[in-house]
Amino acid sequence: MIEFDRFTLNNGLKVLVHHDSSTPIASVNLLYNVGSRDEDPNRTGFAHLFEHLMFGGSVNIPTYDEPLERASGENNAFTTSDITNYYITLPKDNLETAFWLESDRMLSLDFSQRSLDVQKSVVVEEFNQRYLNQPYGDVWLLLRPLAYKAHPYQWPTIGKDPQHIIDSNLDEVKDFFFSHYAPNNAILCISGNVTTDEIRVLAEKWFGAIPSRNVKKRNLPIEPRQTEQRVLEVTRKVPFNSIYIAFHMCNRMHPYYSTTDMISDILSNGKSSRLFQSLVKDKELFSNIDAYITGDIDEGLFVVAGRLNNNVPFDTAQEAIFQELSDLKKSVASTEMDKVKNRFESTFTFGLTNTLEKAMNLCYFELLGDANMINQMVMQYRSVTADDIMGVSSQIFLPENSSILHYKAENL
Amino acid sequence: MLDRTIAPPTVLTDSITIPRADLTNLPNGVKLLVINEGEEDVCRVDMVFNAGSRYQKKNLQARAALTLLTEGTENHTSKQISEYFDFYGAFLNISVDKDFARITLSSLGKHLGNTLEMLSEVIKQPIYPERELQQWCKRGRQELMVELEKTSTLANQAFFRNVFGEQHPYGVFATPDDYNNVQQQILKDFHTSFIGSNNLTIILSGKVGAPEIDLLIKHFGSSKWGANSIEVLNEIAKSKPDLSKAFVEKPNAVQTAIRIGRELFHRSHPDYPGMLVLNTILGGYFGSRLMRNIREEKGYTYGINSFIAPFRDSGLFMISTEVGAAYTEQTLKEIYYEINRLITEPVSHDELLLVKSYLMGEILRNFNGAFAIADSIISLLYYNELKYSYYDNLFKTIKTITPKKIVEIANKWFQSNVLVECIAGSVKPQESEY
């Protein structure tokens, strides 16, 4: 049970406090309700570029990192399709430094042209490092637009094309800031040896005077129902063939979300899972295979990804995967259900063993509607039945709901 | 009115209480370290053997013998074993580095009795079935071939080879062909020689107490088992290669991987704490000189870092980055410029104070939560034979080191002719000197 207190400032900032007296380190997590799904299709990658700019100095403080490091702090951030999340760990005694820095950049950035120019270059190198200079690195650049034709999940967080980053300008940066970065579009959580009263005082002092803003209303295109299978084949200089199959699935708040997540666990969580045992060990068709959900807030994807053994043709590999998925529609043993539930409980519990993990998760569940969902997750997964698994499998695993990428090795 | 230009006051941690593990010797002589921390019902058992790759007679022998422990015993098949651990939601992680082999079991406390039972069986009675071995080799070969497509892997391997020499255990790497040549018998030999109570330390962490300790005694601590006489290898002399530069061509790579550094020393060396401060200034944190210059001012890279990595008998200093192919030469020039600055110019008191504050926070973060504490104590065990004074000494040096001392250390260890430079990418850069 993770206990917490919750209050909202007049400007709309939601604040969560979790008390943990076991450590001298406090964690501060600040989640902004903006991600790459909120981008202009001609400026993809912008939310992530913006995350970099948040470290380029704010209106009253020329540098962000240096004062934090002077307070023995460490920080980082990440951007997903749905959110942009900033976090700090520092000695509890220096907690106010975190409030000072985070509130000033929520108040306003410095909007420096120099910072924009340098970070454009840094982000282009990040694009190169992660997506172009790695074997199989461009898979998501290919798979997303295959699966999505309308919804902005069709581009990855890094963006469709580095040119979008290069073309962006300072006016767009300002506009993005004032449309999305606002106390009424953010959730703050402090976790550590703190009291709610002291956090209330600090929150009022540093964030209280920041005005609410007109946050751009989210009005995203709805992905039309897919009606026929899509297949894309590409050839790259990699050593082995790989196959990726993406199925549309429900959104994060749908009652079937936990069921769908558990289906991916039955298929590939752990060495005893179905796909590994059947397709890697028994049939020796793949050298590795994985099934997972993208975990997005809007309707996401259920993905099966496998690397083919030499001399296994794509159609054999693909057929074998579809056969495994079909089997899920027929029966699931009760021990198998118990196993994935136990594993979920274990993974979830191990994921909440320090102050930072707790602060991040509390913010995310609060965004979904209620931070207390964190305490209901294990029960929610425990209540899924074998019938649910078979029912959802029957709905999702249809050829006409699939987008398939054949990633061919050049020299095979 | 709040003046936002003024930073709130901060305090510099002036003493750090390093959590210690309770040390006991189990009835059979196995050393047990216990760290009881945390509220959630989770625990971790780490089993450390002196059984790293330096003890092997053939490439992959140590890794195969350890990784394939879970692939079958007299009583259970590979599938039954994985079903068992998965059913209890337990995670088993096996890693083998140059010096040590480590088996980590993460389990909900309520299932520890069951999970230890199977752990004991796989550690003591593996049979290494032929079919599982062949599959492991085939998969491992494929994974390695994918790894070797990365410029970062190519540059790393070249660097270790050039620093330690290909004959030295710290400089040798398995090749894809090595996977065609792993026999069942050598796994059994390795197991018989190195896996046993005489060669084991156990670290138990999480929400743990007497019942968990009793379980460990039952399975691993009552009587002697396994390999009986183990000779822990001494330091191996290295045949230093002459090559100070290497270039590995990777056609069409859009980025170049750069590794620059040298062999250093292990953690008990008197220069180690000072070197840690120096390394932080150069490339050990986000505000470091390399990061500021090469990322935050020039935008040549997504990231550039430097490390000092300790081994049991030695250590390493390494600068590591991936840069846009067109920026390779400028980046090398800037790296050498920054190293040269450390040698010639005392660091300002202000910059040094910043680095000291940051490092003290890092030490605190190393002890944030039961498993972080366990990891820190395991690293003490690996590199200092559990001398907790290491942290006191480190803390004292961080507080008192002067700019003059840092220049001295830089001069002593970073003269240009001792640095090794390894590059993997599409275009070989022009020579650059400093």
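Restricted to segment B:85-136, and to residues that are outside any helix (DSSP H, G or I) and without any contact (Cβ under 8 Å) to a residue 40 or more places away in the chain, which residue is farthest from residue B:169 (Cα to Cα)?
B:88
Yes/no matrix, rows are residues, columns are (1) in contact with a strand residue (DSSP E or B) (Cβ under 7 Å, 6 or more places away or on another chain); (2) more than 25 Å from residue B:315 (Cβ to Cβ):
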site	(1), (2)
B:125	yes, yes
B:129	yes, yes
B:145	no, yes
B:153	no, no
B:156	yes, no
B:162	yes, no
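For segment A:352-402, how many residues are at negative phi and not in a helix (DSSP H, G or I)?
Residues flagged as at negative phi and not in a helix (DSSP H, G or I) within segment A:352-402 amount to 11.
Check residue B:11 against each of (1) surrounded by fewer than 16 Cβ atoms within 10 Å (Cβ to Cβ); (2) outside any loop (DSSP other than H, G, I, E, B) and name the one condition it does not meet.
(2)
Just name the residue that is nearest to residue A:342 (Cα to Cα) out of those in segment B:81-113 that are within 14 Å of chain A (Cβ to nearest Cβ) and among the acidic types (Asp, Glu).
It comes out as B:86.
Got a number for residues in segment B:280-297 being more than 10 Å from chain A (Cβ to nearest Cβ), hydrophobic (A, V, I, L, M, F, W, C) and within 20 Å of residue A:72 (Cβ to Cβ)?
Qualifying residue count, segment B:280-297: 2.
So, in segment B:62-77, how many residues would count as being in contact with a helix residue (DSSP H, G or I) (Cβ under 8 Å, 6 or more places away or on another chain), surrounded by fewer than 21 Cβ atoms within 10 Å (Cβ to Cβ) and either more than 19 Å from residue B:144 (Cα to Cα) or more than 14 Å from every other protein chain (Cβ to nearest Cβ) (or both)?
The qualifying residues number 2.
If you check residue A:99 against the conditions, is it in contact with a Leu (Cβ under 8 Å, 6 or more places away or on another chain), more than 30 Å from residue A:409 (Cβ to Cβ) and more than 9 Å from chain B (Cβ to nearest Cβ)?
No, not satisfied.
It is to be established whether one or more residues within segment B:54-61 are more than 30 Å from residue A:272 (Cβ to Cβ), in a loop (DSSP other than H, G, I, E, B), within 14 Å of chain A (Cβ to nearest Cβ) and in contact (Cβ under 8 Å) with a residue 40 or more places away in the chain.
Within segment B:54-61, not a single residue is more than 30 Å from residue A:272 (Cβ to Cβ), in a loop (DSSP other than H, G, I, E, B), within 14 Å of chain A (Cβ to nearest Cβ) and in contact (Cβ under 8 Å) with a residue 40 or more places away in the chain.
Return the residues of segment B:303-323 that are crowded, with 22+ Cβ neighbours inside 10 Å and within 14 Å of chain A (Cβ to nearest Cβ); say none if nothing qualifies.
B:304, B:321, B:322, B:323 - these are the residues of segment B:303-323 that are crowded, with 22+ Cβ neighbours inside 10 Å and within 14 Å of chain A (Cβ to nearest Cβ).
Name the single residue that is nearest to the other protein chains (Cβ to nearest Cβ) among those in segment A:214-244 being among the basic types (Lys, Arg) and surrounded by 11 or more Cβ atoms within 10 Å (Cβ to Cβ).
A:237
Of everything in segment A:140-150, what is buried (at least 20 other Cβ atoms within 10 Å of the Cβ) and in contact (Cβ under 8 Å) with a residue 40 or more places away in the chain? Give them in sequence order.
A:143, A:147, A:148
Here is a list of conditions, (1) more than 20 Å from the chain's Cα centre (by Cα); (2) within 14 Å of chain A (Cβ to nearest Cβ); (3) not small (Gly, Ala, Ser); (4) not in a loop (DSSP other than H, G, I, E, B), and residue B:39 meets all of them except one; can you say which number that is?
Tallying (1) more than 20 Å from the chain's Cα centre (by Cα); (2) within 14 Å of chain A (Cβ to nearest Cβ); (3) not small (Gly, Ala, Ser); (4) not in a loop (DSSP other than H, G, I, E, B), residue B:39 fails exactly one: (4).
Given the options A:274, A:252, A:307, name the one that is charged (D, E, K, R), over 30 Å from residue A:75 (Cβ atoms), more than 9 Å from chain B (Cβ to nearest Cβ) and under 26 Å from the mean Cα position of the chain (by Cα).
That would be A:274, the only listed residue that is charged (D, E, K, R), over 30 Å from residue A:75 (Cβ atoms), more than 9 Å from chain B (Cβ to nearest Cβ) and under 26 Å from the mean Cα position of the chain (by Cα).
From the list A:133, A:76, A:85, exactly one residue is at negative phi, of a type in the set (S, T, N, Q), more than 8 Å from chain B (Cβ to nearest Cβ) and surrounded by 18 or more Cβ atoms within 10 Å (Cβ to Cβ). Which is it?
Only one candidate qualifies: A:85.
Name the residues in segment A:192-213 that are within 25 Å of residue A:3 (Cα to Cα), part of a loop (DSSP other than H, G, I, E, B) and within 13 Å of chain B (Cβ to nearest Cβ), would you?
A:193, A:208
Here are the criteria: (1) assigned to a helix (DSSP H, G or I); (2) surrounded by fewer than 20 Cβ atoms within 10 Å (Cβ to Cβ). Tell me which single one residue B:406 does not satisfy.
It is condition (2) that residue B:406 fails.
Looking at segment A:337-359 only, could you name the residues that are surrounded by fewer than 21 Cβ atoms within 10 Å (Cβ to Cβ) and either more than 26 Å from residue B:369 (Cβ to Cβ) or away from chain B (no Cβ under 14 Å) (or both)?
Across segment A:337-359, the qualifying residues are A:337, A:338.
Kindly indicate whether residue A:10 is among the polar types (S, T, N, Q), in the same structural domain as residue A:100 (by TED's automatic domain parsing), more than 18 Å from residue A:77 (Cα to Cα) and over 23 Å from the mean Cα position of the chain (by Cα).
Yes: the conditions hold for residue A:10.
Among what's in segment A:292-331 and is assigned to a loop (DSSP other than H, G, I, E, B) and β-branched (Val, Ile, Thr), pick the residue that is nearest to residue A:240 (Cα to Cα). Please lay out each step first, then the result.
So in segment A:292-331, the residues assigned to a loop (DSSP other than H, G, I, E, B) come out as A:294-300, A:309-313, A:328-331.
Now narrow it down to the ones that are β-branched (Val, Ile, Thr): A:294, A:297, A:312.
Values: A:294: 24, A:297: 33, A:312: 11 Å.
By that ranking, first place goes to A:312.
Restricting attention to segment A:161-191, which residues are touching a Cys at 6+ places or on another chain (Cβ under 7 Å) and either among the aliphatic types (A, V, I, L, M) or within 14 Å of chain B (Cβ to nearest Cβ) (or both)?
Across segment A:161-191, the qualifying residue is only A:187.
Looking at segment B:372-388, is at least one residue within 14 Å of chain A (Cβ to nearest Cβ), farther than 23 Å from residue B:266 by Cα and assigned to a helix (DSSP H, G or I)?
no
Only one of A:148, A:136 is closer than 27 Å to residue B:250 by Cβ and hydroxyl-bearing (Ser, Thr, Tyr). Can you tell me which?
A:136
Can you tell me which of (1) buried (at least 23 other Cβ atoms within 10 Å of the Cβ); (2) on the phi > 0 side of the Ramachandran plot is the one residue A:57 doesn't meet?
Only one criterion in (1) buried (at least 23 other Cβ atoms within 10 Å of the Cβ); (2) on the phi > 0 side of the Ramachandran plot is unmet by residue A:57, namely (1).
Taking residue A:106 and the conditions (1) among the aliphatic types (A, V, I, L, M); (2) under 30 Å from residue A:195 (Cα atoms); (3) touching a Ser or Thr at 6+ places or on another chain (Cβ under 8 Å), which numbered condition does it fall short on, given that it satisfies the others?
(3)
Out of segment A:335-352, which residues are over 19 Å from the mean Cα position of the chain (by Cα) and over 13 Å from residue B:91 (Cβ atoms)?
Across segment A:335-352, the qualifying residues are A:335, A:336, A:337, A:338, A:339, A:340, A:341.
Counting only residues that are in a helix (DSSP H, G or I) and surrounded by 14 or more Cβ atoms within 10 Å (Cβ to Cβ), which one in segment B:409-434 is modelled with the lowest pLDDT?
Here is the first cut: in segment B:409-434, the ones in a helix (DSSP H, G or I) are B:409-413, B:416-418.
Adding the requirement that they be surrounded by 14 or more Cβ atoms within 10 Å (Cβ to Cβ) leaves B:409-410, B:413.
Working: B:409: 97, B:410: 97, B:413: 94.
The extreme case among them is B:413.
Out of the residues in segment A:22-50 that are within 13 Å of chain B (Cβ to nearest Cβ) and more than 18 Å from residue B:363 (Cα to Cα), which is farthest from the chain's Cα centre (by Cα)?
A:49
The values are calculated or read from the model by the stated rules, or taken from the named source; none is laboratory data. All figures in this text were calculated on a predicted structure; none of them were measured in a lab. Note that we place each Cβ from the backbone using ideal geometry, even for glycine, and neighbour counts take in every protein chain shown.
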